[in-house]
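Reading through the structure tokens given below for one structure.
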Amino acid sequence: MANVTVEFLGGLDVVVQKQRVHKLHLPAEVVSVGDLIEYIASTLIKNPRDVAVFLEDGGVRPGIITLINDTDWELEGQTEYVLEDNDVVSFTSTLHGG
Amino acid sequence: MSGNSSDAQAELIRLRRENELLREKLRQSGTQEGVGADRLSLPEYERYGRQMIVESTGGVQGQLLLKSAKVLVVGAGGLGSPCLPYLAGAGVGTIGIVDNDTVEVSNLHRQVIHDSGKVGMLKCESAREVLGKLNPNVKVVTYPVRLDYSNAFRIFEGYDIVLDCTDTPLTRYLVSDVAVNLGMTVVSASGLGTEGQLSVLNFQDCGPCYRCFYPTPPPPTSVASCSEGGVIGPCIGIVGVMMAVETIKIILGVYTKENFKPFLMMYSGFPGQTIRTFKMRGRQPQCIACGTERTITKETIESGIVNYNVFCGSRNYNVCQPEERISVSDLQDELLDMDTTVLLDVRPSHHYKISHLPHTVNVPMKELRNLDRSVDALQSRIPQITESSDVLVICRHGNESQLATRLLKDEFNIKNVRDVTGGLFKYIDEIDPSMPKY
């Protein structure tokens, strides 16, 4: 039962009521980052249409970078990463404007 | 102003500019500070003194590194504009600028290297003028072309570092792929709204490339440009300036193969300003551009086998038949008979507030989708609408309005829906130029 902070950056906060930072007290069954992603899709995202902005084929949509405590989740085991108290999980859309 | 005197005005501006350029040439040939790439002249000591006495630049040695550096900047827009003067000011010896766009008034809130007198001028030439005045020692080479798979290698060859200041995923993949094939380091940045991102890619031909970070392109529907999504000038500007810092560090050898750690910096301007540095993955062995089994090569790029258009895709807005569309001049006639017709503006409400036609109802596209095909729900927003109503749909440029037309016809079963071709901006251009465009 971890307390984690989840951030939605790069404009991705549109899927979560424009609130960039969410402090979550996770239920016991949310153990890994993979579980957290499902939890976000089912609980945090209120408009079902917005799930497609966040997920594609069950995974985080291409163009979104996932970070665990400011580190690329590729280096942390991706969905397998087991959440700990006070972890910060950030999702950021890639920007393309210039 | 009469045609003749505005012609004369334009001629005067052109002559002034020509005069300025000739003076510049004269200044350079007569009193050039430069003395060759291997040493500094006295005026150069004076010019660069304030940065040479910052110990970590390496003093004279560092300045000579800057002087012999060749940096290519792709894009003289929101990122390139603030970056370029700092590169020139610092004494980067050769600066290439690739951009085939011309300056527009709507660029100037962020692309501050240009100015109101340069509207219509090529951005690369406008930037060259400014850099030449800022530091005549710098050699500026301009490429007034749109970077593509067929010209990229020819342009990139001979440069040490490339700065990706472009504005689409397509050019970002292309810049990275070409740089990897030429062993060049890329300083890559982007911005939108109040945020920006920055990274150093293919560092010394051993760091991760753009494809390592983003092996799969984003769906085209999720990609917004500055003209669509909006951008705060200094927010993208700060990221452009950060690019100049990274470039100078790369040239001075502050980063080495030993100490360089892949990163992605994220700047947020609102509500509180923050810059965060995320630790990123290294080069990916399975990367098709820089990994162990590469398929993105000079040959496959230049032959068109690597098809960037297909890879990145594009949004298809052409979803209406000709009879489902109405021109802005016909719209003008219908406006006179608005009793029965519903004119629906589907732009976001903060766009609508800036300017809109009279007698319009604003239901943004996103909200329209959320009504879930329910005519009852639609009627709660537009009481007079029925399945037999005549509905005209308008947006900014006539893209989203086509999607909305489809939605209303196919999902809400409203029979007589037509899209206003070209949108509000075309209406303003052709019918009522007194309305504000943004």
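Structure above, values below:
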read-out	value
Lone unmet requirement of (1) more than 26 Å from B:Ser81 (Cα to Cα); (2) within 10 Å of chain A (Cβ to nearest Cβ); (3) surrounded by 20 or more Cβ atoms within 10 Å (Cβ to Cβ) for B:Lys279	(3)
For B:Ser327: the one exception among (1) over 30 Å from A:Gly10 (Cα atoms); (2) open to solvent by 70 Å² or more (accessible area, probe 1.4 Å)	(2)
Criterion: open to solvent by less than 70 Å² (accessible area, probe 1.4 Å), within 11 Å of chain B (Cβ to nearest Cβ) and on the phi < 0 side of the Ramachandran plot - qualifying residue of A:Leu67, A:Leu36	A:Leu67
All positions within the stretch B:121-162 that are open to solvent by 40 Å² or more (accessible area, probe 1.4 Å), under 19 Å from B:Asn19 (Cα atoms) and of a type outside the set (Asp, Glu)	B:Leu122, B:Arg128, B:Val130, B:Lys133, B:Leu134
The listed residue being touching a residue at least 40 places away in the same chain (Cβ under 8 Å), surrounded by fewer than 17 Cβ atoms within 10 Å (Cβ to Cβ) and not β-branched (Val, Ile, Thr), out of B:Ser349, B:Ser314	B:Ser314
Whichever residue in the stretch A:70-94 is open to solvent by 40 Å² or more (accessible area, probe 1.4 Å) and among the acidic types (Asp, Glu) and, among such residues, is farthest from the other protein chains (Cβ to nearest Cβ)	A:Asp85
Within the stretch B:218-250, tally of residues that are part of a loop (DSSP other than H, G, I, E, B) and either of a type in the set (Asp, Glu) or open to solvent by less than 20 Å² (accessible area, probe 1.4 Å) (or both)	1
Residues that are in a strand (DSSP E or B), free of Cβ contacts under 8 Å to residues at least 40 places away in the same chain and away from chain B (no Cβ under 14 Å), drawn from the stretch A:1-33	A:His22, A:Lys23, A:Leu24, A:His25
Within the stretch B:199-239, considering residues that are more than 10 Å from chain A (Cβ to nearest Cβ) and hydrophobic (A, V, I, L, M, F, W, C), the one nearest to B:His350 (Cα to Cα)	B:Ile232
Residue list for the stretch B:290-311, filter: open to solvent by 60 Å² or more (accessible area, probe 1.4 Å) and of a type in the set (A, V, I, L, M)	B:Ile305, B:Val310
So B:Val239, is it assigned by TED's automatic domain parsing to the domain that holds B:Arg172 and at pLDDT below 95	no
Count of the stretch A:41-64 residues which are more than 9 Å from chain B (Cβ to nearest Cβ), out of contact with any helix residue (DSSP H, G or I) (no Cβ under 7 Å at 6 or more places or on another chain) and either crowded, with 19+ Cβ neighbours inside 10 Å or part of a loop (DSSP other than H, G, I, E, B) (or both)	3
Residue match in the stretch B:382-390 (condition: within 30 Å of the chain's Cα centre (by Cα) and without any contact (Cβ under 8 Å) to a residue 60 or more places away in the chain)	no
Given (1) within 14 Å of chain A (Cβ to nearest Cβ); (2) open to solvent by 30 Å² or more (accessible area, probe 1.4 Å), index of the condition B:Cys165 fails	(2)
Residue within the stretch B:190-197 that is modelled with pLDDT of 95 or more, more than 10 Å from chain A (Cβ to nearest Cβ), open to solvent by 10 Å² or more (accessible area, probe 1.4 Å) and over 20 Å from A:Leu75 (Cβ atoms) present	no
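Here's the yes/no breakdown for (1) more than 17 Å from B:Val141 (Cβ to Cβ); (2) open to solvent by 30 Å² or more (accessible area, probe 1.4 Å); (3) within 14 Å of chain A (Cβ to nearest Cβ); (4) of a type in the set (Asp, Glu):
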site: B:Ile53; (1), (2), (3), (4): yes, yes, no, no
site: B:Gln61; (1), (2), (3), (4): yes, yes, no, no
site: B:Val73; (1), (2), (3), (4): no, no, yes, no
site: B:Gly80; (1), (2), (3), (4): no, no, yes, no
site: B:Pro85; (1), (2), (3), (4): no, yes, no, no
site: B:Asp99; (1), (2), (3), (4): no, no, yes, yes
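Each row is one residue, and each column tells you yes or no for (1) at pLDDT below 95; (2) farther than 24 Å from B:Pro433 by Cβ; (3) within 14 Å of another protein chain (Cβ to nearest Cβ).
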residue: B:Arg347; (1), (2), (3): no, no, no
residue: B:Lys353; (1), (2), (3): no, no, no
residue: B:Pro358; (1), (2), (3): yes, no, no
residue: B:Met365; (1), (2), (3): no, yes, yes
residue: B:Leu368; (1), (2), (3): no, yes, yes
residue: B:Arg373; (1), (2), (3): yes, yes, yes
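The values are calculated or read from the model by the stated rules, or taken from the named source; none is laboratory data. Values in this document were obtained by computation on a predicted structure and should not be read as measured data. In this analysis, Cβ positions are derived from the backbone assuming ideal geometry, glycine residues included, and neighbour counts consider all displayed protein chains. Accessible surface is based on the protein model in full, side chains and every heavy atom, while ligands, DNA and RNA are left aside. Shrake-Rupley method; radii C 1.70, N 1.55, O 1.52, S 1.80 Å.
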